Each structure stands twice: as C-alpha cells, then as structure tokens.
DNA sequence: TGTAAAAGTGAGTAATCGCTCACAAATGTA
DNA sequence: TACATTTGTGAGCGATTACTCACTTTTACA
C-alpha cells in the first residue's frame, strides 16, 4: 500500500462519513488528499471500488471485536462483553462506524446476516442462564447494542458510565 | 396543495428514502411523478426546499406520536407507551421514518434536542417509580427505542411480539 | 365573460459528475 | 546502466446535475 493510496483511503473515509458517499465527489477526495484525481481510479478502479476498499478495512475491525465475544465460554461474561461493545469503540474508529451505520439505510448495502453469529451465540448464552425466551432476548440485546452505538456515535452522552451500569443491572451483571 | 404538488412530495419521499437524498436527481423525481422538472422548483424553490417540505410533514406525524406519550400521567403507562412506540409505527409511514433515520447521519441534519421533552418526561416517570438512576434509565430507554425502530425499519423480525413482551418484563409491565 | 394570478411546461444553461487516456516520473531488477 | 513495471499526472470526455425562464394552460373571482 503506497503512502498516497493510504491518504486517499483516509480522506475518502472522512468525507464519506461526514457528508455521505453520494454527496462526496472524487475530485473533492483527490483535492483534499493532495493527489491527482486519476490516481483514485488507477488504484480503486471506480468510486464504488474506493468505497469497497474502505468497507473491507471496516469489516476486519468488526470481525476482531466480534470474535472476542463469540469465543467467550462463560454466558454471563459473553453477555457483558456484548453489551459493552458500543462503549469500548475507540474514538479514532468513529468515522468508520459512522460510515457503516449511514450506509445501512442505503438500498442493498445492509446485510443483517453479518450479526447472525453474534445472535446465535447470545441466544445460547441466554439458554444456559434459563431465560424464558432466549431468541427474543438475543434479538432485544442486539437492538439495544445498535441503539447505544447510534447514540454514542451521534452525540456522546455525558453519563456513559451510568447508562452502562444501569443496563448491566438489568442482566444482573 | 395541488394534486401534482402532492404527487411530487410522495414520489420524492419514496425515492429519497430508498436511494438517498443526494443520490436522487430532481429529474428522476419529476419523471417518476409524471410532472415537468420545472414544477418542482416552482413549488419548492430548490431541491433542499423539497426535502424540507417532506421533513415538515414527518415532524408533524412525530409530534402526534410524542404528545400522546407526554400527556400520560400514570408513570408505568407512560413507560409502556414509550417502549411500544417502534412497534406501533404504521407500515405506510415506514418510508418517512427510513428517510429521517437515514438523514440523522448526514452533517447538520440531526437534532438530538427533538427528543428532550420525551427524555424529561421519562426521567420523571422513573423517578416516581423510585428507580435508582432515573436519568440513566430514561437515556437507556431512548437508546433502545432507537435500536428497535432501526431493526423494525430495516428488517422486520418475525418475533416482534415476543421481543416486545420480553422488553416489557424488564420493566414489570 | 374578462382578466389577473397561479399552475404547469420543456428547452436551455453553466457547472460538475465519474471516468479515460496519453504521457511523465519513480521504482525495481538484471 | 538499461529497461520493464508501477505509480502518478492533468487535460479532456460525454453525461448528468440543479436550476432558469419564456411561454402556455388552468383556475379563481369580480
């Protein structure tokens, strides 16, 4: 990966996340990255290729976060790790997550199946803890994780710790 | 409001929600609405004016939903109504909500203050019920409502009722 | 009915879009 | 050094963009 190539990626991520993919022109990316516009197409073929390159990096980061949870044996610890997920996202990864969250609402961009392994492992954790409806509990927890991540990405609340503790208490954690 | 004016609004809402605001051209809206492109600008001044007209309708719908909750005196009933909110959205309003949710991620579009009255009234309800941290509880519930609405708008799950019941049980409802 | 205002049209505008391509500079390898 | 490959440039392409405007049609009302 060239230095200019990385600059294109980071600049595009920033602009796509802040202003939207469709609203960001390749010429703007090039100008802001200090690079000729042609270079974008040399390296990434077209504008969508540029987006895919960014999303591929994002997916790798997501996989790392997910695998740590999935490999947890103890059910209570697994649930705790899952609901802490939105709270441990590093600020330097905010742009990446804002972009992926924004793209969810674009047609054909959202794949709910990506969360299936997490959903499965959560369900089994709730089963082990004898919850009445493990499937619904898993779905519910995923909904909350999504809502919490949204809130943290859009307007970091001042009482993060209290919110997390309140949530934990609902699962006796 | 003219018939063609309404047709422009409904068509634009559909396209903006499905493909995004920036990705939808005014010519496409006009073509699909069976209207000359110039008429859009006659009625709504510019593309952003068209969006604002749509969002104004959306805000009125939102206010109706909110006011019913806010005017509820009994704290338990208020909380119940709040967490049922995402589950009672009518399918014909999905497009409208998808658009507003998608626009949250665009710069300068999101105003968290819109939820402040709801947050306030929820906090006071949790206070009356002697919850340990009413402010955190209110924030938490709003996060869930957001997550649930997102899930329902993106991929209607098959076990809606079970999820809602599971959630209600966490608040002894 | 006469007429002014409002609604509606569609060709036309400059600007910008994503993208190509001929070419130059830098780099790796022998 | 010689040369092939990769990296990088920027002018330029046709298509599309948001928007204007001179014009016609419809509507409202005295």
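The values are calculated or read from the model by the stated rules, or taken from the named source; none is laboratory data. Everything numeric in this text was worked out from a predicted model, so none of it was measured. All Cβ positions, glycine included, derive from the backbone under ideal geometry; neighbour counts span all protein chains shown.
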Cβ pairs under 6 Å, 6+ apart or interchain, first in the range A:44-55 and within 14 Å of chain B (Cβ to nearest Cβ), second within 7 Å of DNA strand C (Cβ to nearest atom) and part of a helix (DSSP H, G or I), ordered by first then second residue, are A:47/A:26
In this structure, does residue A:138 turn out to be modelled with pLDDT of 95 or more, buried (at least 16 other Cβ atoms within 10 Å of the Cβ) and more than 7 Å from chain B (Cβ to nearest Cβ)? yes
Would you point out the residue of the range B:1-20, among those that are surrounded by 19 or more Cβ atoms within 10 Å (Cβ to Cβ) and in contact (Cβ under 8 Å) with a residue 60 or more places away in the chain, that is nearest to residue B:56 (Cα to Cα)? B:13
Restricting the range A:105-130 to residues that are surrounded by fewer than 18 Cβ atoms within 10 Å (Cβ to Cβ) and at the interface with another protein chain (Cβ under 9 Å from one of its Cβ atoms), the residue that is modelled with the highest pLDDT: A:106
Across (1) farther than 30 Å from residue A:122 by Cα; (2) away from DNA strand C (no atom under 16 Å from the Cβ), residue A:91 clears everything bar (1)
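Given the condition more than 15 Å from DNA strand D (Cβ to nearest atom), under 30 Å from residue B:129 (Cα atoms), outside any helix (DSSP H, G or I) and more than 14 Å from the chain's Cα centre (by Cα), answer yes or no: does some residue in the range B:83-90 qualify?
First, pick out the residues of the range B:83-90 that are more than 15 Å from DNA strand D (Cβ to nearest atom): B:83-90.
Imposing the further condition that a residue be under 30 Å from residue B:129 (Cα atoms) reduces the set to B:83-89.
If we keep only those that are outside any helix (DSSP H, G or I) as well, we get B:89.
From what's left, more than 14 Å from the chain's Cα centre (by Cα): none.
No; the residues of the range B:83-90 include none that is more than 15 Å from DNA strand D (Cβ to nearest atom), under 30 Å from residue B:129 (Cα atoms), outside any helix (DSSP H, G or I) and more than 14 Å from the chain's Cα centre (by Cα).
Can we say residue A:23 is within 13 Å of DNA strand D (Cβ to nearest atom), within 14 Å of chain B (Cβ to nearest Cβ) and surrounded by 13 or more Cβ atoms within 10 Å (Cβ to Cβ)? Spell out the reasoning first.
Working: within 13 Å of DNA strand D (Cβ to nearest atom): yes; within 14 Å of chain B (Cβ to nearest Cβ): yes; surrounded by 13 or more Cβ atoms within 10 Å (Cβ to Cβ): yes.
The answer is yes for residue A:23.
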Condition check for residue A:73: under 22 Å from residue A:139 (Cα atoms) and in a loop (DSSP other than H, G, I, E, B): yes
